[in-house]
Amino acid sequence: MTAIHVLGLTKRYDELTAVDDVTLDVGVGEFVGVLGPNGAGKTTLLEMIEGLRRPDAGTVEVLGEAVWPRNPRLQPRIGVQLQASSFFERLTAREQIRTFASLYGVGAATADGWLERVGLGDKADTRVEALSGGQAQRLSIACALVHDPELVFLDEPTAALDPQARRNLWDLLSSINDSGRTVVLTTHYMDEAEILCDRVAVMDHGRILQFDTPAALVRGLDAPTRITVAPGALTAAQAGAIAGVGEVGEGPDGVVLVTREPAAVLGALAAGQHLDGVTVQTGTLEDVFLALTGREYRA
Ligand SMILES: Nc1ncnc2c1ncn2[C@@H]1O[C@H](COP(=O)(O)OP(=O)(O)OP(=O)(O)O)[C@@H](O)[C@H]1O
Ligand SMILES: [Mg+2]
């Protein structure tokens with residue numbers, strides 16, 4: 001079964017086409033990331049899939065149901081964390097999550113448990129206005145997850161988080177996904193997408209440029225491997241003589257061998273007892289992202 005089925009989805013704001021004829025499917029149990037520069041259309045796309053913004057063209061089906069007009073059967077089955085957190089005013093963190101929970105018939109104990117799971121146990125009595133940016137973000141994630149939805153949408157969930165909270169959230173989202181939940185998130189962190197996501201959609205100017213596994217995207221880039229040998233181990237001339245080595249450079253960290261045959265080159269280095277201190281750098285998702293979307297600033 002597909003969790004999300006999107007066909008020809010388009011959203012225009014006057015002259016601007018924010019989402020331009022997007023078609024995609026997400027399977028049940030998948031963990032999908034949407035990457036793209038500022039203004040690429042990620043939030044607009046997600047909010048149409050969530051049934052919060054009305055498309056100008058195209059259709060969306062979520063868990064076998066149409067999302068527009070607002071479909072009450074879907075509400076308990078999906079969890080949504082918006083890019084801009086919104087809370088009930090003047091409530092404490094505990095009152096906040098208990099209120100969300102009660103909307104779905106979820107008890108207070110479960111709600112309080114979610115505060116602990118996102119590390120906000122000792123902020124339970126703090127009013128939401130007094131939470132830090134990252135604390136508020138964690139609360140809004142907990143509110144999106146409190147009713148154990150089948151399908152979760154998170155719009156830049158780790159944008160304001162410190163490194164500890166970011167990794168804790170990765171564990172939390174992985175465990176939710178391992179239990180069969182479908183997760184869709186947007187992020188500007190390439191490492192996050194690479195570690196968490198089964199598939200990644202790279203978006204720009206309202207279109208999906210590529211949608212594949214991180215490994216397949218990196219392979220498709222066909223970037224050479226850079227092997228750096230510790231200083232003094234090998235001269236540039238010796239490095240250039242190894243079969244399979246293309247360019248040779250000399251950097252502060254040693255001699256750099258650029259190759260499209262890393263296995264052969266590493267084999268030769270091993271045979272010559274030159275493997276100590278060697279580092280190997282291949283293409284990354286960030287290289288893919290920059291190759292697809294370019295380097296210029298967006299508005
Ligand atoms: N309500 C709106 N009215 C007019 N233009 C809008 C509206 N919402 C979004 N846009 C425009 O649509 C484009 C896509 O915006 P969107 O918020 O979807 O981008 P994004 O990929 O989520 O960016 P970011 O990484 O900054 O969150 C932008 O150019 C934005 O200015
Ligand atoms: Mg956005």
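Taking ALA160 as the residue in question, decide whether it is under 23 Å from GLU116 (Cβ atoms), at pLDDT below 95 and in contact with a helix residue (DSSP H, G or I) (Cβ under 8 Å, 6 or more places away or on another chain).
yes
How do the pairs read when you match residues in the range 106-124 that are over 12 Å from HIS147 (Cα atoms) with residues anywhere that are surrounded by fewer than 18 Cβ atoms within 10 Å (Cβ to Cβ) and of a type in the set (Val, Ile, Thr), using Cβ under 8 Å and keeping only pairs 6 or more apart or on different chains?
ALA124/THR92
Looking at GLY105, GLY134, which one is assigned to a loop (DSSP other than H, G, I, E, B) and over 24 Å from GLU30 (Cα atoms)?
After ruling out the rest, the residue left standing is GLY105.
If I filter the range 192-211 for residues that are free of Cβ contacts under 8 Å to residues at least 24 places away in the same chain and either more than 16 Å from ligand 1 (Cβ to nearest atom) or among the charged types (D, E, K, R) (or both), do I get at least one hit?
No, because not a single residue in the range 192-211 is free of Cβ contacts under 8 Å to residues at least 24 places away in the same chain and either more than 16 Å from ligand 1 (Cβ to nearest atom) or among the charged types (D, E, K, R) (or both).
Given the residues GLY64, GLY79, which is the only one that is under 14 Å from ALA142 (Cβ atoms), more than 14 Å from ligand 1 (Cβ to nearest atom) and touching a residue at least 60 places away in the same chain (Cβ under 8 Å)?
Just a single option satisfies the conditions, and that option is GLY79.
Sort out which residues of the range 163-207 are among the β-branched types (Val, Ile, Thr), more than 22 Å from ALA84 (Cβ to Cβ) and within 15 Å of ligand 2 (Cβ to nearest atom), and write them in order of number.
VAL202
Quick one: is THR110 assigned to a strand (DSSP E or B), more than 16 Å from ligand 1 (Cβ to nearest atom) and hydroxyl-bearing (Ser, Thr, Tyr)? Let's see the steps before the verdict.
On the way: assigned to a strand (DSSP E or B): no; more than 16 Å from ligand 1 (Cβ to nearest atom): yes; hydroxyl-bearing (Ser, Thr, Tyr): yes.
Taking the combined requirement at face value, the residue does not satisfy it.
The values are calculated or read from the model by the stated rules, or taken from the named source; none is laboratory data. Treat the numbers as computed from the prediction; the structure is a model and nothing was measured. Cβ sites come from the backbone with ideal geometry, for glycine too, and all protein chains shown count toward neighbours.
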